[in-house]
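Just so it is clear, none of the values below were taken in a lab; they were calculated from the coordinates. Source: prediction; values computed, not measured. Heads up, the Cβs are rebuilt from the backbone with ideal geometry, glycines too, and the neighbour counts pull from every protein chain shown.
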There are 2 protein chains.
Amino acid sequence: MSDLTPVFEPLAFTSLTAEETEQRAALFLDQCRQRRTVRDFSSRPVPRSVIDNCLLTASSAPSGANFQPWQFVAVSNADIKRRIRVEAGKEERAFYEQRAPAEWLEALAPLGTDANKPFLETAPWLIAIFQQRFGVTASGKRIKHYYPTESVGLATGMLIAAIHNAGLACLTHTPPDTGATAQ
Amino acid sequence: MSDLTPVFEPLAFTSLTAEETEQRAALFLDQCRQRRTVRDFSSRPVPRSVIDNCLLTASSAPSGANFQPWQFVAVSNADIKRRIRVEAGKEERAFYEQRAPAEWLEALAPLGTDANKPFLETAPWLIAIFQQRFGVTASGKRIKHYYPTESVGLATGMLIAAIHNAGLACLTHTPPDTGATAQ
């Protein structure tokens, strides 16, 4: 059996009626329209089991050749969140004060964002999302991933849906590109 | 008011109890784990209103600077689906028979895919998803989009969640890169 052979799981599929399908599609839309991108978070704790389940939902997303080219790192430790905020703050200031083209700053202005990101400390959880351009099989073989950016986007879209569905708020925050990651 | 000024909608937010949050996160995971990537579709019609609602859900996703750099084209017309299948088939054959590196074909082999994509005709709807690297404001100004690939991924992830939630099956199918789109 090749390293790449997936395990196929049989599916017991129950068809919904046309009416149920229509109702569920409308209800999910109503629910998702309640989602907002927020930048002020309550520090109220969220159980790790909730984050785990949302991440497992995200990782059920399809991906190029089913290689699941993502890594999610969930951080709730206050000291690590502080260090992330401090390091991210340096990049944010360099971005807003030096690197950002005028057009980009103009695009961001109506949203009221700036280099200050207190939510990196106040939110109970940070989820760092990494894209893996290459993977390593169980036997140590290096394999290329296909459509990793698109695939990580799919998983993150499902993550946002899962978090929102659980009654929580989230912010999709992209730290300024330092050159460490290729866009 | 600038072309770029967003309209902010107030949110009446109802907090869930911790117990509700836990239950909903677990339930959504169970539900999403029932999703499969399938390549054999029923031709049973799906009402346009369902597709519309799923696409509206997708377009509620966050995006870089909230520029929503996506375009969804839903196709149910049998003749257009047939023409898409014919044209896509040419590219698929060129990919599988000539362009695809051996490593890529090896990655796809366990999934059993080949150049033949009958689902492009049998599925009641095809949704073509386009990424816009640039946009045009109401006054005709050309503006750059930020993180368009990631943003379209988020919207598509929410689309997959919406379609699955409605009891329907979908396949995320990436036509071979003909050079018309930059990866």
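General remarks:
- Hydrodynamic radius of the protein assembly as shown per Kirkwood, over alpha carbon pairs, in Å: 22.0 Å
- Of B:119, B:11, B:63, farthest towards positive along the dipole that unit charges on Lys, Arg, Asp, Glu beta carbons give chain B: B:119
- Cα-Cα P(r), chain B, percent of pairs per 5 Å interval: 1, 6, 12, 15, 17, 17, 13, 9, 5, 3, 1, 0
- Remark on residue A:34: its backbone amide H falls under 5 Å from none of the residues 5 or more positions apart or on other chains, H modelled at 1.01 Å from N.
- GNM flexibility winner over chain B from B:61, B:155, B:109 (Cα, springs under 10 Å): B:109
- Extreme residue, positive dipole direction of the protein assembly as shown, given options B:80, B:176, A:102 (C-beta unit charges): A:102
- In Hz, Karplus ³J(HN,Hα) per residue of the range B:81-86 (6.51, -1.76, 1.60; θ = phi - 60°; x = Gly, Pro): 4, 4, 5, 5, 4, 4
- A Gaussian network model of chain A, with springs between Cα atoms under 10 Å, assigns the largest mean-square fluctuation among A:156, A:137, A:14 to A:14.
- Using the Cβ-Cβ distance between residue B:113 and residue A:80 with R0 set to 35 Å, the FRET efficiency works out to roughly 0.25.
- Across the range A:11-28, rounded Karplus estimates of 3J(HN,Hα) from the backbone phi angles (6.51 cos²θ - 1.76 cosθ + 1.60, θ = phi - 60°) give 10, 8, 9, 10, 6, 8, 6, 4, 5, 4, 4, 4, 5, 5, 5, 5, 5, 5 Hz, Gly and Pro being marked x.
- Of A:32, A:170, A:54, the residue with the greatest mean-square motion in the GNM of chain A, using alpha carbon springs below 10 Å, is A:32.
- Kirkwood Rh in Å, taken over all unlike Cα pairs in the range A:26-118: 17.0 Å
- For the residues of A:111-119, the average number of beta carbons from a partner chain within 10 Å of their own beta carbon is 1.
- Summary of the geometry: the range A:120-163 and the range B:78-109, compared by the centres of their Cα atoms, lie 26 Å apart.
- Cα convex hull volume per residue for the range A:75-183 (Å³): 153 Å³
- Within chain B: Cβ-based charge dipole about Cα centre, in debye rounded to nearest 20 (Lys, Arg +1; Asp, Glu -1): 560 debye
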